[in-house]
Amino acid sequence: MANLKDIRNRISSVKSTMQITNAMKMVSAAKLKKAQEAIENMRPYADKLNELLVSLSAGIDTSEGNPYAEERPLKKVLLVSITSNRGLCGALNSNVIKETQTAAGNFKQKGVEADVLTVGKRAFDLLKKHYKIVRNDSAIFDRDVDYDKAMDTAGFIMDAFAKGEYDAVYLIYNEFVNPAVQRVRNERFLPVAKPQGEGTAVVDFIFEPSRQQIVDELIPKSLKTRFFRTLRDAWASEHGARMTAMHKATDNAKEMAAELTLQYNKARQAVITGEILEIVSGAEALKNQG
């Protein structure tokens, strides 16, 4: 059995760790509240913008003359892997990394070359050893989601596709469901999906300058909004996962501290009992000698 000093040191260490994890949990909870409000406020706007695009696109060929809607045979694709800059958030980052590796492997089996663009230091550090990283934009997540840097990254991706450098672009990220649940998504970002069905456009509308021109201008805006929404999802997911992980770590530390305290008390009781036995034995020995 470990001596009392060792047990006391372990209890002190566990309690110090518990204070750190509890503080990190509270910090993440505060950041999560802001991030959750941001993504929940943005989703209706992004959904309505996409609904408007689908409605206006009904009955016209969006791929005609629009560089972001051109369907091409797949020869080379870009995988945008979005993780956090820091760890201690459970399996959040590893799930995105695994999905990126799976997607790259599936494309390789089909003879399609896959490059990777990383957003987040965790993705860059783990994927740079095995894949070609065309760009790393971890600075987007330095504090909050930086809008200007996000638009720069979105512009880079859209330009690369428009120039024919890639035949498709996929976003791999964590979708925020609630603080305890984050869902890994692998979505095609480019080319723009064609609208399904007949749409809901009202034929009596008069479009200026023209319906086609409005759609052509709306597609880039919709793509950038969708990309920013994806980053917001990933940002909220990070803080939700970290808060949950730190909450579990704090609970585990409390249990460990309680177990060590019990172990310490047992060891201390054993020492006291031993000392009492030695005193009694000594007293009996003196009594016998007398």
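Brief remarks follow.
- Conditions (1) closer than 28 Å to D167 by Cα; (2) modelled with pLDDT of 90 or more; (3) part of a loop (DSSP other than H, G, I, E, B): number failed by N66: (2)
- Annotation note: Cβ proximity below 7 Å between a residue of region 172-189 that is free of Cβ contacts under 8 Å to residues at least 60 places away in the same chain and a residue that is part of a strand (DSSP E or B) and of a type in the set (G, A, S) (sequence gap 6+ or interchain) occurs for R188/A168.
- For the condition over 17 Å from S222 (Cβ atoms) and part of a helix (DSSP H, G or I), A150 does not qualify.
- Considering region 1-39, and only residues there that are modelled with pLDDT under 90 and aliphatic (A, V, I, L, M), the residue that is nearest to the chain's Cα centre (by Cα) turns out to be I7.
- Residue among E284, E275, E175, E259 that is modelled with pLDDT of 90 or more, of a type outside the set (A, V, I, L, M), more than 30 Å from K31 (Cβ to Cβ) and surrounded by fewer than 20 Cβ atoms within 10 Å (Cβ to Cβ): E259
- One residue alone among F156, F141 is surrounded by fewer than 16 Cβ atoms within 10 Å (Cβ to Cβ) and of a type in the set (F, W, Y), and that residue is F156.
- Test for M158: is it within 21 Å of the chain's Cα centre (by Cα) and in contact (Cβ under 8 Å) with a residue 12 or more places away in the chain: no
- Index of the failed condition, Q212 passing every other in (1) at pLDDT 90 or above; (2) surrounded by 15 or more Cβ atoms within 10 Å (Cβ to Cβ): (1)
- Among residues of region 99-125, those that are free of Cβ contacts under 8 Å to residues at least 60 places away in the same chain and either surrounded by fewer than 20 Cβ atoms within 10 Å (Cβ to Cβ) or in a loop (DSSP other than H, G, I, E, B) (or both), counted: 14
- Of all residues making up region 125-148, the number that are at pLDDT 95 or above and out of contact with any strand residue (DSSP E or B) (no Cβ under 8 Å at 6 or more places or on another chain): 0
The values are calculated or read from the model by the stated rules, or taken from the named source; none is laboratory data. Remember, predicted model here, so these are calculated numbers, not experimental data. A quick note on method: Cβ atoms are made from the backbone with ideal geometry, for glycine too, and the neighbour counts reach across all protein chains shown.
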